[in-house]
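Please treat every number below as a calculation from the coordinates, not as lab data. Predicted model, so just to flag it, every value in this text is computed and none were measured. A quick note on method: Cβ atoms are made from the backbone with ideal geometry, for glycine too, and the neighbour counts reach across all protein chains shown.
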Amino acid sequence: MREYLRSLDKVYSLDVKLVLPAHGNVFERFEERIQELKQHHEMRADEVLSILKGDEQDAFKVASHMTWDVEYESWEKFPPSQKWFACGEAMAHLKYLEDEGKVQRKMQNQKVIFSAI
């Protein structure tokens, strides 16, 4: 996550007229999109910290409490593939927050557990 955010900073000043993403629509608002992405990840990090306040959890449980923009009405109704991707995003934010000194991990009953510092 840290490297991804740094890469956004590196390309921000480039004179880009048109973006051809690997998925999604072609767009022109390059600098605006970078700001949107950075704000999204900052909000996600804040959300993960909020979820961890007062409760140690594994990445799966953190993901189950995060806000997702999907058509399923509950975590239980997410298909396994969607849960897999959600857990991956949760783990990326947990690792980022750990690197930032805001989250710590420990092993408990052969499971990695995270808590806010």
Arg6 being within 16 Å of the chain's Cα centre (by Cα), in a helix (DSSP H, G or I) and in contact (Cβ under 8 Å) with a residue 12 or more places away in the chain: no
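Only one residue in Ala90, Ala45, Ala59, Ala63 is within 19 Å of Arg6 (Cβ to Cβ), among the small types (Gly, Ala, Ser) and within 16 Å of the chain's Cα centre (by Cα), so which one is that? Full working, then the answer.
Details: Ala90 fails: within 19 Å of Arg6 (Cβ to Cβ); Ala59 fails: within 19 Å of Arg6 (Cβ to Cβ); Ala63 fails: within 19 Å of Arg6 (Cβ to Cβ).
Selected residue: Ala45, the only one of Ala90, Ala45, Ala59, Ala63 that is within 19 Å of Arg6 (Cβ to Cβ), among the small types (Gly, Ala, Ser) and within 16 Å of the chain's Cα centre (by Cα).
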Residues satisfying the stated conditions in the range 94-112, i.e. closer than 14 Å to Val62 by Cβ and out of contact with any strand residue (DSSP E or B) (no Cβ under 9 Å at 6 or more places or on another chain): Lys111
All positions within the range 35-69 that are within 23 Å of Trp84 (Cβ to Cβ), acidic (Asp, Glu) and assigned to a helix (DSSP H, G or I): Glu47
Any chance Val62 is among the aliphatic types (A, V, I, L, M) and touching a residue at least 40 places away in the same chain (Cβ under 8 Å): yes
Restricting the range 32-58 to residues that are free of Cβ contacts under 8 Å to residues at least 12 places away in the same chain and of a type in the set (S, T, N, Q), the residue that is surrounded by the fewest Cβ atoms within 10 Å (Cβ to Cβ): Gln39
